[in-house]
């Protein structure tokens, strides 16, 4: 009788282990690595921006282009004439006006909507920027209210 119990227990463990390997992982993937400080997006140099969808923002700072992704849908980004960012406290200490993709950075919105946390910031080339820009639903220049808030 003990052999039967051991056999059933081992079969259950085998099935459970196999099911755990096959189960899709849910939730966000691994966090993207923040940019090095010198490669970060300078919010005081924004020359052009585009909202592609509720989680994707393209930003140009002169010759550099960036892809900014939020961790959740962030409707109404860019409404009010510009895009605004909340920089990380750690970046302010060594030179503010930079968005690197750290967990405490945010995209701010108007109408008392809560800010949206930035999931990642990555540099992209000019061709990618132009191709993605064609899908933009909202755009603007750096002049106006774009930038960052202390």
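Condition first: touching a residue at least 60 places away in the same chain (Cβ under 8 Å) and touching a strand residue (DSSP E or B) at 6+ places or on another chain (Cβ under 6 Å). Now tell me which residues in the stretch 101-121 satisfy that.
Listed by number, the residues that qualify are 101, 119, 120, 121.
All but one of (1) in a loop (DSSP other than H, G, I, E, B); (2) over 21 Å from residue 124 (Cβ atoms) hold for residue 82; which doesn't?
So residue 82 meets the others, but not (2).
When both residues are 6+ apart or on different chains and their Cβ atoms are under 8 Å apart, which pairs have a first residue that lies in the stretch 35-60 and is over 21 Å from residue 71 (Cβ atoms), and a second that is modelled with pLDDT under 90 and crowded, with 23+ Cβ neighbours inside 10 Å?
Final answer for the pair search is 44/148; 46/83.
Return the residues of the stretch 85-131 that are buried (at least 17 other Cβ atoms within 10 Å of the Cβ) and part of a helix (DSSP H, G or I); say none if nothing qualifies.
91, 129
The values are calculated or read from the model by the stated rules, or taken from the named source; none is laboratory data. It should be emphasised that the depicted structure is a prediction, and the values quoted were computed from it without experimental measurement. Note that we place each Cβ from the backbone using ideal geometry, even for glycine, and neighbour counts take in every protein chain shown.
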